[in-house]
1. With a 10 Å Cβ neighbour count serving as the proxy for reagent exposure, in which order, fewest first, do ARG178, ARG109 appear?
2. So which residue, out of GLY96, GLY172, GLY204, gets the largest mean-square fluctuation from a GNM of the chain using Cα contacts under 10 Å as springs?
3. Read through the labelled values (1) 18.1, 58; (2) 17.4, 53; (3) 21.1, 79 and report the label of the one computed as Rg and Dmax of the Cα atoms in Å from the structure.
4. Just to verify a number: FRET efficiency for LYS162 and GLU48, C-beta to C-beta distance, R0 = 30 Å, to 0.05?
5. So for PHE51, PHE37, fewest C-beta neighbours within 10 Å to most, what's the order?
6. Which residues does the label zone of GLU187 cover in the stretch 1-37, counting backbone N under 20 Å from a point 7 Å along Cα→Cβ?
7. Cut-off is 10 Å between beta-carbons; in what order do LEU134, LEU31 appear when sorted fewest neighbours first?
8. Run the quick spin-label model on ARG30 and ALA110: label points 7 Å from Cα toward the beta carbon, then report their separation in nm to one decimal.
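What follows draws every value from the coordinates through simple rules; no lab data is involved. Since the model is a prediction, treat every value here as computed from it, not as a measurement. Neighbour counts run over all protein chains shown; Cβ positions are idealised from the backbone, glycine included.
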Amino acid sequence: MGTYIQYGCGLWSPPGWINFDVSPTLRLQRLPLIGFFFKRGPTIFPEEVRFGDIVAGLPLPDDTADGIYASHVLEHLCYDDFWIALRNTHRLLKPGGIFRLVVPDLEMRARKYLSQLDNGIADSNTWFMDTSNLGTRRRGGAVALARSLFGNSAHLWMWDEKSIRAALERSGFVNVRRCHFNDCKDENFNLVEQVGRLHDAPAGIDECAMEAQKPI
């Protein structure tokens, strides 16, 4: 099958893929002796998920991966860390290796926001802030503070097709294109892609899914 890497996998760890996540919860669950105390509640990571941070660098050699996948990950990085993540992704791929990613589509949200304004919908701003995950509805207590300090749920930088295409090309990728569910020539990506991740059903928006390749 070759070597295939998914980073920011969450609880989705398809067989045949090396699945990484940077969640603090995952790190706690992997602690010896006391880790089982944190394996309660809805967030229990499968045993095959490894702790790994694409910004710090995944523990794999250069030119290792035939394919890399990142779904709804890059928008959780600050601008500077985003560029580091792209460089590290490029470095991990073999020449000719494929990178596929999904990020929330800023342009489609902006267009729908403006359309709602034109139609007199007064709380269009609320819809936009909620669906882009840029706003904070209320101040929380200790739990919310811990999530903001140690979690990765907020969107720190938004992207659209034009900007993500330019970023991929600037980072050395070629054959950059907008892609769709399970349309990769490498069928191993069919194991990792989830159709629901490419479409925000509550917002009624198709997300920005892109494919790029490391030059041969």
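1. ARG178, ARG109
2. Sorting by GNM fluctuation, first place goes to GLY204.
3. Label (1) holds the value from this structure.
4. Details: r = 36 Å, r/R0 = 1.22.
FRET efficiency, LYS162 to GLU48: 0.25.
5. Numbers: PHE51 16, PHE37 10.
Going from sparsest to densest Cβ surroundings: PHE37, PHE51.
6. Zone members listed by number: 1-5, 14-18.
7. Details: LEU134 17, LEU31 11.
Least crowded to most crowded, the residues run LEU31, LEU134.
8. Each label point lies 7 Å from its Cα, and together they span 3.7 nm.
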